[in-house]
Amino acid sequence: MRSEVWPLVHAERAALAEDLALLDDAQWDEPSLCAGWTVRDVAAHLADSARATRPGFLIDMVRARFDFDRQNARGIERERGASPRETLARLRAAGPRTTAPPGPLGTRLVEEVVHGEDIRRPLGIEHAYDPAAVVGALRTHTGMSASMGGAKALVAGLSLRATDADLVIGEGPEVRGSALALLLATSGRRVALSELEGPGLEWLASG
């Protein structure tokens, strides 16, 4: 599993860094799809997440009094640097790392793909993700409990069918669309709901 996941993660980190290198300062301050976070905030969060270790994450959570929002905010502040160029440099430096906070290794794919779209979509940047990265992220995300940030409960009773991959998850009223749109929608990015269809869509949208 590790030998399959890390090359995908590293490729997506490098691709995002290349896209970010083309931005002007104003674009770094654009709102991302993450409520309350700018493009630069998301990039800083990704750098912080890439540097995370299991012991370090637990120490950070204790210091944040087990408040995920506070822990994330401190991580963003830690990695923002003095300018967008410094944020980018820190993201690039963290790119090759193979450390991770607690949780399934597939969450590294979820982070890179979902947050990659959090940045790219508001800026109108298109990116061709490796299908294996998106499928791996979708499988991981829909298999995890909400307490771990996953969508297992959200998609319970639904059948998710990827129209661009040999992938069906679950049983029940069907929701179909690209694996990327399914991943984004189950990650709370409502902008992707318009890219999906099927009798289970209303159920998914109300979750």
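No lab work stands behind these numbers, since they all come straight from the coordinates. Note that the structure is predicted; figures quoted are calculated from it, not measured. FYI the Cβ positions are ideal-geometry reconstructions off the backbone, even for glycines, and counts take in every protein chain you see.
Can you divide the C-alpha Rg of region 84-132 by 2.2 N^0.38 Å and report the result to two decimal places? Can you show the working numbers first?
On the way: Rg = 12.5 Å, N = 49, 2.2 N^0.38 = 9.7 Å.
In units of the globular-protein estimate, region 84-132 measures up at 1.29.
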Any idea what the alpha-carbon Rg over 2.2 N^0.38 Å comes to for the chain? 1.00
Provide the percentage of antiparallel DSSP beta bridges, counting only those with both residues in the chain; round to the nearest 5. 55
Filter the chymotrypsin sites (Phe, Trp or Tyr not before Pro) in region 1-70 to those in DSSP coil with at most 12 other Cβ atoms within 10 Å of their Cβ, and list the result. Phe66
Using helices alone, what [θ] at 222 nm do you get for the chain, with -39,500 (n - 2.57) per DSSP H run of 4 or more residues, divided over all residues and rounded to the nearest 500? -17000 deg cm²/dmol
Kindly work out what percent of the DSSP beta bridges joining two residues of region 131-206 are antiparallel, to the nearest 5. 50
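Take every Cα-Cα pair in region 2-103 and report what % of them are more than 23 Å apart.
In whole percent, the share of Cα-Cα pairs in region 2-103 beyond 23 Å is 27.
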Amide hydrogen neighbours beyond the local backbone of Glu174, cut-off 5 Å, H modeled: Ser159, Gly200
Mean separation of Cα contacts under 8 Å (at least 6 apart) over the residue count of the chain, i.e. the relative contact order in percent, is 18
Please give the per residue volume of the convex hull enclosing the alpha carbon atoms of region 131-206, rounded to a whole number of Å³. 74
Let me know the volume per residue of the alpha-carbon convex hull for region 67-187, in Å³. 125
